[in-house]
Amino acid sequence: MTRILFLDQSGKPGGAELCLVDIAKPYRDNCLVGLFADGTFKQLLEKQHIPVQVLATKAIEVRKESSLAQGLGSVKQLLPLINRVATLSRDYDLIYANTQKALVVGAIASFLSRRPLVYHLHDILSLDHFSATNRRIAVTLANRAALVIANSQASQDAFIAAGGRKDIVEFVYNGFDLALYQQPATDLKQQLGIDKDRFLVGHFSRLSPWKGQHILLEALTSCPENVTALLVGEALFGEQDYVQQLHAQVTELKLENRVKFLGFRDDVNSLMAACNLVTHTSTVAEPFGRVIVEAMLCGTPVVATQAGGAQELIESGKTGWLVTPGDAMDLAAAINNCIAQPEQSAKMAQAANLQAIQRFDVAAINKQIAQLLSKLVKT
Ligand code: UDP
């Protein structure tokens, strides 16, 4: 079996990290996950018996949108980490970088140790998400990889449009452990102290301006009084101002009785199953959108914004709804439509569920990845 040194810059579990857990699991006897920060992500890997080590002695700035140029500017600071990775990688067949800073470290280490580099691209390299300089650096380094795995067609297209090599990129969707979504429903509404006749709209994402939680709050004001929103997730990359802004917006719009902030939860699937509708409100293109697939697997109707990877997951009107990014009125109309047409919504959720089971089974996705990786390793 291929021996892999995985690298990830984050100590906290965002979508890229949760995806890595599923990818690393089959390699748990032959891999190491090297992190650049300590935190709950490490515990999550340990819980799954995946070998993990925090490699950076000093915390590296992990704000997701922070400057890669700064990262490169401090290559000198990164040298001990790069050397450590280069040395470690000699015991593995390949280096698998899962985030942008992991790419910087992994690319240089792979040059030193002559181990092939794989880069899992979880971002849309567009100017909405990255500065021109950061994008150039990311593409230049990624072009040195033996393989780039983009998490959607949209991420692949943006990579190529930014100058990425067509001949090394393949897109592979995130996989999901289907068994986790077949649990019996629990009465979470009651546990959360929410009346059972309330229409529960769930939002599952780190709190960050481009994830658009503020759009959902605004939309609530155009929905019936019994529509209640659950905001699940916390600010993972230091966006505390936005968190305060959301709380202020709740007060200003007098939504105190209609909005619950639950913070980060590790029981997303049970919460989603308790929701009447899941909303995904990213204001710019989402690279993939794990929560959309998770809602489908839970059998809950889902509405998402029409951009990026979400468009590859939802066929609007058949397996969910797509609405205009940043448009609260359009979102409110979709919520109201779901309330008004419960039978049609249930049918749509069922169709989405069947499709998601076929398209996103982690066993099939991991097979796809294993095949791609095996081509890189000389036997
Ligand atoms: N998530 C979670 N707990 C929370 C909020 C989110 O486990 O409180 C998970 C969510 O279920 C999803 C992931 O975090 O699997 C977010 O992935 P997504 O692709 O939606 O966004 P990203 O974080 O990659 O931008």
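The values are calculated or read from the model by the stated rules, or taken from the named source; none is laboratory data. Computed from a predicted structure; not experimentally measured. Methodologically, a virtual Cβ is constructed for each residue, glycine included, from the backbone with ideal geometry; neighbour enumeration extends over all protein chains shown. Side chains are part of the model used for accessible areas, which takes the heavy atoms of the whole protein and leaves out ligands, DNA and RNA. Shrake-Rupley method; radii C 1.70, N 1.55, O 1.52, S 1.80 Å.
Here are the numbers for the structure shown:
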read-out	value
Phi-based couplings in Hz for the range 50-56 (Karplus 6.51, -1.76, 1.60; Gly and Pro marked x)	9, x, 9, 9, 7, 8, 7
Separation of the Met1 and Ala364 label points, Cα + 7 Å toward Cβ, nm	2.3
Charge sum, other residues only, whose C-beta stays under 14 Å from Asn353's C-beta, Lys/Arg counted +1 and Asp/Glu -1	0
Cut-off 13 Å between beta-carbons: net charge of the residues surrounding Arg114, Lys and Arg +1, Asp and Glu -1	+3
Relative contact order computed over the range 147-291 (Cα-Cα under 8 Å; 6+ residues apart), in percent	31
Relative contact order, percent, the chain [alpha-carbon distance under 8 Å, six or more residues apart]	14
Extreme residue, positive dipole direction of the range 83-227, given options Gln100, Ser222, Thr140 (C-beta unit charges)	Thr140
Selection from Gly299, Ser10, Ala346 lying farthest towards where the dipole of the chain points positive, charges on Cβ	Ser10
Degrees between helix 362-374 axis and first principal axis of the chain (Cα, 0 to 90, nearest 10)	20
Stretchable slack from Asn226 to Ala132, in nm (0.36 nm times residue separation minus alpha-carbon distance)	29.4 nm
Expected 222 nm ellipticity per residue - DSSP helices of 4 or more, -39500 (n - 2.57), all of the chain, to 500	-12500 deg cm²/dmol
Residues Gln249 and Gln43, FRET efficiency given R0 of 41 Å [Cβ-Cβ distance, rounded to 0.05]	0.80
Residue list for the range 287-315, given a label point 7 angstrom along the Cα-to-Cβ vector of Leu178 and an amide N cut-off under 16 Å	293-299
Charge context of Arg258, other residues only, Cβ under 11 angstrom, K/R +1, D/E -1	+1
J(HN,Hα) series, the range 116-132, from Karplus relation 6.51 cos²θ - 1.76 cosθ + 1.60, nearest Hz, glycine and proline x	x, 10, 10, 10, 8, 8, 9, 10, 8, 7, 9, 6, 5, 9, 9, 6, 4
Under-5 Å amide H pairs with Leu277, H placed in peptide plane, nonlocal only	Leu200, Gly202
By average C-beta atoms within 10 angstrom, highest first, the peptides 137-144, 287-294, 344-351	287-294, 137-144, 344-351
Solvent-accessible area per residue for the chain (1.4 angstrom probe, square angstrom)	43
Within the range 180-259, trypsin sites (Lys or Arg not before Pro) in DSSP loop having at most 13 other beta-carbon neighbours inside 10 Å	Lys196, Lys254
Cβ-based charge dipole, the range 138-216, positive-most Cα from Pro209, Tyr181, Ile149	Pro209
Tilt relative to the chain, helix 15-24 - C-alpha long axis, 0 to 90 degrees, to 10	60
Using alpha-carbon coordinates, inclination of helix 240-252 to the longest axis of the chain, degrees	0
Residue-wise HN-Hα coupling along the range 295-309, computed from phi with Karplus coefficients 6.51, -1.76, 1.60 (Hz; x: Gly, Pro)	4, 4, 5, 7, x, 9, x, 9, 10, 9, 8, 7, 6, x, x
Charge dipole magnitude, Cβ of K and R +1, D and E -1 - the chain, Cα centre, debye nearest 20	1460
Cα-centred dipole magnitude for the range 1-47, charges only on beta-carbon of K, R (+1) and D, E (-1), debye, nearest 20	80
Carbon and sulfur %, accessible surface of the range 164-282 computed with the full protein complex present, 1.4 Å	46
